[in-house]
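K.L.:
The structure is given below, and queries will be raised subsequently.
Computed from the coordinates by the stated procedures, all read-outs in this text should not be read as laboratory data. Note that the structure is predicted; figures quoted are calculated from it, not measured. Glycine gets a Cβ as well: all are built from the backbone with ideal geometry, and neighbour counts include every protein chain shown.
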Amino acid sequence: MGSAAAYRHEGEGPVSEPDLDKWDRDYNDLHGSDDDTEYEPEPPRIVPEAERHYLAAKLWCHPELVPHLVSASLVKPHPRNARNGDVDAIKESMLINGVYRPVYAQRSSGYALAGNHSHLAMVELGAEEVPVIWLDVSDEQALRILIADNRSADLGMYDDGLMVQLLDELNATPVSLLGTGYAEDDLADLRLLLDSPLDLDGVGRDYSPGGSGEDWVLVTVRVTPQQAPIWDRLVDDADGDRSLAMARLLTAADQ
């Protein structure tokens with residue numbers, strides 16, 4: 001991870017000493033600390049201070065969301081949410097970009113339908129109020145929204161070439177890739193995929209001919225030493241499930 005000095009924005013003066021101490025703790029909570037590194041913590045000023053509404057010490061939301069603020073205790077995590085989100089990544093985004101979208105919740109139950117982990121991130125960052133849009137929906141409709149919000153994102157695909165251009169553009173700014181969910185290693189992996197895409201021609205297939213077409217197929221692929229870390233990350237993203245990682249890879253290659 002980069003140091004907290006990466007949060008410095010050119011042309012901005014230092015903030016007060018208590019703020020520096022708090023930002024240092026926030027940064028180290030998210031990224032860990034290194035006793036051998038001298039940090040110069042300072043929050044980025046991408047959005048002018050006058051346009052921020054603070055929910056906690058360093059957590060703010062965009063002014064358009066202020067009319068939707070309610071007590072955080074009125075919203076509850078949905079007990080049947082099957083998604084395991086990256087709360088730390090959401091926290092970093094909120095600290096850099098601010099809270100830019102509300103939680104969508106069922107009015108009758110208080111359960112979050114979209115934004116379960118955003119709600120959790122805001123609470124963990126100290127927010128006592130969160131922006132909420134209340135939906136008057138039945139329990140069945142609520143479940144469909146809960147599932148669709150997660151699944152529709154899964155079904156999307158990236159244009160890796162365009163993503164590299166976008167990340168390069170942001171990486172050249174003083175705040176670099178902070179708040180995007182991407183790190184330098186991710187950008188390097190994308191470059192490698194563009195320079196030497198995985199060759200799925202001639203992959204090994206082990207199955208019995210004449211089957212029903214519904215039998216599982218064992219697929220083996222050899223990758224270069226340079227591509228091996230990419231495969232490892234694909235497996236990590238699939239929570240260690242190599243079959244799921246391969247299925248995602250084949251689906252992407254078929255687009």
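K.L.:
How do 169-178, 122-131 rank on mean C-beta neighbours within 10 Å, highest first?
P.N.:
Highest to lowest by the protection proxy: 122-131, 169-178.
K.L.:
Further question: In nanometres, what is the gap between the two model label sites at Asp237 and Asn150, each 7 Å from Cα along Cα-to-Cβ?
P.N.:
Between Asp237 and Asn150, the label points sit 1.8 nm apart.
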